[in-house]
Amino acid sequence: MLGDKKVVFSGVQPSGNLTIGNYLGAIKNFSAFSDEYRCFYCVVDLHAITVRQVPAELRRRTYETLALYMACGLDPEKNTLFVQSHVPAHAELSWLLNCYTMFGELSRMTQFKDKSAKHADNINAGLFTYPVLMAADILLYQTDLVPVGVDQKQHLELARDIAGRFNQAYSPTFVVPEPYIPQSGMKIMSLADPLSKMSKSDPNPNAVVYILDDKDTVLRKFRRAVTDSGAEVRPGEGKEGISNLISIYRCFTGKTEEEVIKEFEGKGYGDFKTACGEACADALSPVREEFARLMADKAYLEAVMKKGAEEASYAAARTMAKVKKKIGFIG
Ligand code: AQP
C-alpha cells in the first residue's frame, strides 16, 4: 500500500522491438489498474544489459518503450512511467537482496537456463542475478499486484520468497506481492516454432509479430505461421501451432474457444490465419498511430521520464530508509 491505495508495478525490457507477446501478456492489461491502484510502470533498462545491447539502439528503444506504454493507453498523469536506471535505488536494493537470496534458488530459474543456452558466450553474473533485481523492482514500491505474463511466474514466486525471508529475519518490511496473470495473458508462442515463447530477441523476424508491424507484414507473418498438416481449427495434441493461433485470436477478439471453433467450422487453416492477421492488425493500428505521434515529440517523452523518476524516487526512498535501518546501517 502507498497512502490509501494498493500498488501495482510492472516493467518491460527495452531489449528489442516489442512483440504481441509483450502486448497481450503484459502491456495491454496495465491501463485497467490506473483508476483503482497506485501504478508504477517501468522501462527496465538495467535488466536489458544482461544481454549485450548496441548503445544507440538501447537508447532508442528506451524512448520507444515509454512511448508504447502511452500509446497502449497509459496516461502519465494517472501512472508513474519511468526508466529503471533513473532511480538508483533499484540497483542498491538489488545488492542488499542478493544477500538474502540463495545460489540454489537462482540456479533453478528456467529463464536463466534458457538465456544461458541462447547466449553461451556471455553467461554473465547479471543474467544469473536478474531475478533479484526484479524482486528489488517490485519490493521497492511495496507492490501488492504484479501484472505479468505467465512466463514470469517463477521469478515472482522468488520475489515473494525473498520478501518473506527478509520480513521474517527482521520484522514486516515488504509487502509480499501477488502475481496478476490475466486470462488473456496466455503465453504467446513463436509463429515459427510453437513450442518456444515468442520473444523480442528472436533472430527470426517471421517468428514474431511486432506491435509496430504494418498491416501487410502482420498478414504475411500469420499466413506463414507454422501449423500441422490437419485442417480443423481446434486445439489439441500435436496442434501447437493452431492452438497458439487460437489463443492469439481469442486475445484480440475476446471470443471463447467454443466460439472460435464454431466460427471456423468447415473452413480451412488459410481462412483462419487471415482472420488472425486481420484481428491483430486492426487492434494494433490505433496503437501504431499514437506511437508515431508520441515519438515525434522527444521533449515530451523526456518530461514524462523526468516526472516519473521523481515520483518513483520519492516512493523508493521510503522503503530504502526502512530496509537500511532494519539491516543495521547507520542512516
Ligand atoms: N510470449 C509471451 N507471452 C506472454 N507474455 C509475454 N511476455 C513476454 N513475452 C511473452 C511478458 O511481457 C512482459 C515484459 O517482458 P520482458 O521485456 O521483461 O522480458 P521477457 O519476458 O524476457 O520478454 P521477451 O520478449 O522474451 O524479451 P527478451 O527476448 O529480451 O528476453 C513480461 O510481463 C512478460 O511476462
Heavy-atom surface of the chain, accessible at 1.4 Å and reported per residue (Å²): 46 Å²
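Mind giving me the FRET efficiency for S313 and R224? R0 is 51 Å, r the Cβ-Cβ distance, nearest 0.05 is fine.
0.65
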Two decimals is fine: what's Rg over Rh for the chain, C-alpha atoms, Kirkwood radius as Rh? 0.98
How compact is region 259-313 by the rule of thumb for globular proteins, expressed as Cα Rg over 2.2 N^0.38 Å? 1.97
Cubic angstrom per residue, convex hull over Cα atoms of region 159-244: 157 Å³
Could you tell me what percent of the accessible area of the chain is made up of carbon and sulfur, with a 1.4 Å probe and every protein chain present? 53 percent
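At 222 nm, what value in deg cm²/dmol follows for the chain if DSSP H runs of at least 4 each add -39500 (n - 2.57) and the sum is divided by all its residues, to the nearest 500?
-16000 deg cm²/dmol
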Averaging over every viewing direction, what projected area does the convex hull of the Cα atoms of region 205-291 cover, in nm²? 5.4 nm²
How large is log10 of I(q)/I(0) for region 65-218 at q = 0.14, 0.21 Å⁻¹ when the intensity is taken from the Debye formula with one equal scatterer per alpha-carbon? -0.87, -1.51
Sequence gap at least 6, Cα distance under 8 Å: using those rules, report the relative contact order of the chain to the nearest whole percent. 22 percent
Over region 205-291, relative contact order from alpha-carbon pairs under 8 Å, at least 6 apart, %: 39 percent
Extent of region 123-190 along each principal axis, from alpha carbon coordinates, in Å, largest to smallest? 44, 32, 16
For region 176-331, the Cα convex hull volume per residue in Å³ comes to 179 Å³
For the pairs K200/K255; K215/K273; K153/K255; K115/K197, flag any whose C-alpha to C-alpha distance is greater than 18 Å. K200/K255; K153/K255
Could you give the distance between the Cα centres of region 150-218 and region 47-110, to the whole Å? 13 Å
Hull shadow area, averaged, region 1-80 [alpha-carbon convex hull, nm²]: 5.5 nm²
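The values are calculated or read from the model by the stated rules, or taken from the named source; none is laboratory data. In this text the structure is predicted, and so the values were computed from the model without any measurement. Using ideal geometry, Cβ is built from the backbone for each residue, glycine included, and neighbour counts are taken over all protein chains shown. What goes into the accessible areas is simple: the full protein's heavy atoms, side chains included, and nothing from ligands, DNA or RNA. Shrake-Rupley method; radii C 1.70, N 1.55, O 1.52, S 1.80 Å.
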